[in-house]
Amino acid sequence: MHTLEHLNPQQRQAVTSPPGPILVLAGPGSGKTRVLSHRIAYLICDLMTDPGKILAVTFTNKAAREMGSRVQRLLDNSPGGGFENRRIRLGTFHATCAMLLRREAVYLPVTREFVIFDDADQQSLTRQVIKEMRLDPKQVSPSKVHGVISRAKNELIDVETFTADTYFNEIARRVYERYQALLVANNAVDFDDLLFYAVRLLQNNENLRRRYQHEYPHILVDEFQDTNMAQYTLLQLLASDPPDLFVVGDPDQSIYRWRGADYRNVGRFKEDYPGARTILLEQNYRSTQTILDVATAIIDRNHGRVKKHLFTERGRGEPIVLHEAYDEADEASYVIDTIAKLTLIDDSDPRDCAVMYRTNAQSRVLEEAFLRKGLPYRLVGAQRFYGRREVKDLIAYLRLVHNPVDKVSLLRIVNTPPRGIGAKTVESLLAIASSRQIEPYEVIIELSRDQGNALEAGLQARALRSIVDFGGHLDEWLQIRNQIALVELINKVLRDIGYQSYLVDGTEEGEERWENIEELRAVAEEYTDTGLTTFLEHVALISDQDTLTETLNAPTLLTLHAAKGLEFQNVIIIGLDDGVLPHLRSFDDPEAMAEERRLFYVGVTRAMDRLILVRAFRRRIAGPSTLAEPSRYIDDLPPDLVEGVRLDRFSWENRTYQAETSWDPVNRDPVEPHFKVGMRVHHGTFGEGIIINTKLDRDDEEVTISFENGETKHLVASLAGLEILD
DNA sequence: TAGTCTGGGCTTTTT
DNA sequence: GCCCAGACTA
């Protein structure tokens, strides 16, 4: 019972409610993870619940991990002791469904070894279907069509019930049908299928449903406001009778509507479970009262919501700061200056500062500014490790070895690295496969075993040699896949295809790519005991945040979406201009506009001590730089809480921030211009010409030359080998 | 078959 | 203004 001492009355009420449908509306910073983990500990230690009967679902791996370790800590400290959390089923919606589907694969159109297609795979499959239907991918955008399909699945609409009310939707319906068939043919499911199949399975099979209800009578859900129809239905199906369903969420932080999330599930929950107990968590342990008041002023302008009165015992704190920069470059230098200043006056470390923005494109100007100063930063999202080309390539090889009918992976790597199996050859291979009604990989392996067949197939001798070579390797991989450790398999594949020499081409980028491969191999080491299936599932269901390095003492740059669930001492939100925040694309949709507001609210409530809002007088969004209109949200800020005075400017030299950074600033010598407009030069290929323009580009000089032969060229001076003639 | 060129288009992206 | 994808050329 001692674990309850650290909870406030509302938290305690939530944690100790008798089992049943319970809805916890948790304001930002109100300790929702704490409530969830205490609830689990309470079930185990006080109500003597078998840990194996508890199912806790989150949206991210990170949240799942965090909850797991917090529960473990609570159990370790509990008076009874000896409890273990290992048997708690704790995971993301998708991982939980994947577990269920693998167990019950006999009821599915795919086998237990199914692979999970990620975003890029889904995209390329959709594109393939569109092309197959002889539609132009430029007219019919694969991403839009796939978006429609994905949304349909999230709303549990299958091909049969998908109604095509418009021409576009008719196309989408036909693509949907074929797309689904191709997934099955590849023994694959996409992210949405994980949920969709799980729901259908439980709906159509009463025994199975009973079994799972009995297996997990106690269910807890994090970020409930972000559930979509499929997830909500899944929870309903899993909940036993009487249900013990403990859901925690905050409709004001619902920012994934465009991914199918529907915060109205919160309202639905109350309707579907009339006896549900609702508990509001309003005490905030993160921010100053000033920040909470600003946040409240912003969110209170959204209608039709349960108002929360966020309060803290932390006191008023400092006023928030509003700054207007000249343009985005000036905005970036203001950000850097401000962080430098904060590290001086506030005893903050650079790592305590975050810069948030609406769109990823905004990070570029910031990054450039940091790089110019030689200062480190941590960027969340953007160049995701598992989205890197080389990482995806290696994973595609492994997926192929695991599940050779996966044609998306096969096509991805059949000529990567280039081995002379080009588009023409691939086409012939596919034609042979379909005419003989076998899988393309079988054609490849057969050819490698018996080259005589090839003559009939009409393949060029050179192409055949390449196929034989590749097929031989593939054949061998398939035979040894279950006999050697995962890392050994990876090493073998890498060696066989000469991947290192392909990647490492003398450039820095090549080195980096190879390092990524080594990192992936290091991850694979941890799966020596569990094997390829588990490893592939792990890499398919992982998120970017998991790869965020925690050690670097540098500010974090991230989108407002990525900021959800995090907190920082100092938060700088840039781009408070209409069209950026709120985003232009949301203007004509009131629901979307309400979500933009929530997004801003999420950003504001990340701040513990200081909040700094920045806008720019001019801004370039697409095309030329134009005058920007201040964000409408600026008008909603209570004037007495805002300080419009700009912070004093500091120069970077000798500042603690720079001194404390762990990374050596890149001190490039400034490039001296060698060429001037009007100079006559000679070029090895183009002959003589006159410089008509020069430009210094961070580390090189770019010149425009009008040559005597009439051509005008842009050249990089260091590479062009120009000779100055006068 | 592999690099270069051109044109469209352009939020957010837990899995 | 920049990036990616597909067309085009060597």
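Please go through segment A:99-120 and give me each residue that is in a helix (DSSP H, G or I) and among the hydrophobic types (A, V, I, L, M, F, W, C), ordered by number. Before the answer, list the steps.
Taking segment A:99-120 first, the residues in a helix (DSSP H, G or I) are A:99-103, A:105-107, A:119-120.
Result: A:99, A:100, A:101, A:105, A:106, A:120.
Restricted to segment A:594-641, and to residues that are within 16 Å of DNA strand B (Cβ to nearest atom), touching a strand residue (DSSP E or B) at 6+ places or on another chain (Cβ under 7 Å) and in a helix (DSSP H, G or I), which residue is farthest from residue A:356 (Cα to Cα)?
A:596
Go through segment A:414-437 and give me each residue that's surrounded by fewer than 21 Cβ atoms within 10 Å (Cβ to Cβ), within 16 Å of DNA strand B (Cβ to nearest atom) and in a helix (DSSP H, G or I).
Once the filter is applied, which keeps residues that are surrounded by fewer than 21 Cβ atoms within 10 Å (Cβ to Cβ), within 16 Å of DNA strand B (Cβ to nearest atom) and in a helix (DSSP H, G or I), segment A:414-437 yields A:423, A:424, A:425, A:426, A:427, A:428, A:430, A:431.
Within segment A:136-161, restricting attention to residues that are surrounded by 13 or more Cβ atoms within 10 Å (Cβ to Cβ), more than 12 Å from DNA strand C (Cβ to nearest atom) and assigned to a loop (DSSP other than H, G, I, E, B), which residue is nearest to the chain's Cα centre (by Cα)?
If we take residues in segment A:136-161 being surrounded by 13 or more Cβ atoms within 10 Å (Cβ to Cβ), more than 12 Å from DNA strand C (Cβ to nearest atom) and assigned to a loop (DSSP other than H, G, I, E, B), then A:155 is nearest to the chain's Cα centre (by Cα).
Can you name the residue in segment A:170-213 that is part of a helix (DSSP H, G or I) and in contact with a Ser or Thr (Cβ under 7 Å, 6 or more places away or on another chain) and, of all such residues, is farthest from residue A:156 (Cα to Cα)? Can you show your working first?
Quick first cut of segment A:170-213, residues part of a helix (DSSP H, G or I) only: A:170-185, A:191-204, A:206-213.
Imposing the further condition that a residue be in contact with a Ser or Thr (Cβ under 7 Å, 6 or more places away or on another chain) reduces the set to A:175, A:179, A:192, A:199, A:213.
Numbers: A:175: 17, A:179: 16, A:192: 10, A:199: 8, A:213: 21 Å.
By that ranking, first place goes to A:213.
Which residue pairs have Cβ atoms under 6 Å apart, sit 6 or more places apart or on different chains, and have a first residue in segment A:136-163 that is touching a residue at least 60 places away in the same chain (Cβ under 8 Å) and a second that is part of a loop (DSSP other than H, G, I, E, B)?
Note: pairs meeting the criteria are A:151/A:260; A:154/A:228; A:154/A:260.
Within the bounds of segment A:114-129, is there any residue that is farther than 26 Å from residue A:234 by Cα, of a type in the set (Asp, Glu) and within 13 Å of DNA strand C (Cβ to nearest atom)?
no
Give just the number: which of (1) among the polar types (S, T, N, Q); (2) part of a loop (DSSP other than H, G, I, E, B); (3) within 16 Å of DNA strand B (Cβ to nearest atom) does residue A:123 not satisfy?
Exception for residue A:123: condition (2).
Looking at (1) crowded, with 20+ Cβ neighbours inside 10 Å; (2) within 16 Å of DNA strand C (Cβ to nearest atom), which is the one condition that is false for residue A:389?
For residue A:389, the failing item is (1).
Name every residue in segment A:331-369 that is of a type outside the set (A, V, I, L, M), away from DNA strand C (no atom under 16 Å from the Cβ) and free of Cβ contacts under 8 Å to residues at least 40 places away in the same chain, in order of residue number.
Scanning segment A:331-369 gives A:333, A:347.
I'm checking my understanding of the structure. Among residues of segment A:598-618 that are surrounded by 22 or more Cβ atoms within 10 Å (Cβ to Cβ) and of a type in the set (Lys, Arg), which one is nearest to DNA strand C (Cβ to nearest atom)?
Once the filter is applied, the top-ranked residue is A:615.
Can you tell me how many residues within segment A:199-243 are without any contact (Cβ under 8 Å) to a residue 12 or more places away in the chain and closer than 14 Å to residue A:56 by Cα?
Here the count works out to 0.
None of the figures in this text is laboratory data; all of them are computed from the coordinates on show. These numbers were taken from a predicted model, which means no experiment stands behind them. Ideal geometry is used to build each Cβ from the backbone, glycine not excepted, and the neighbour counts take in all protein chains shown.
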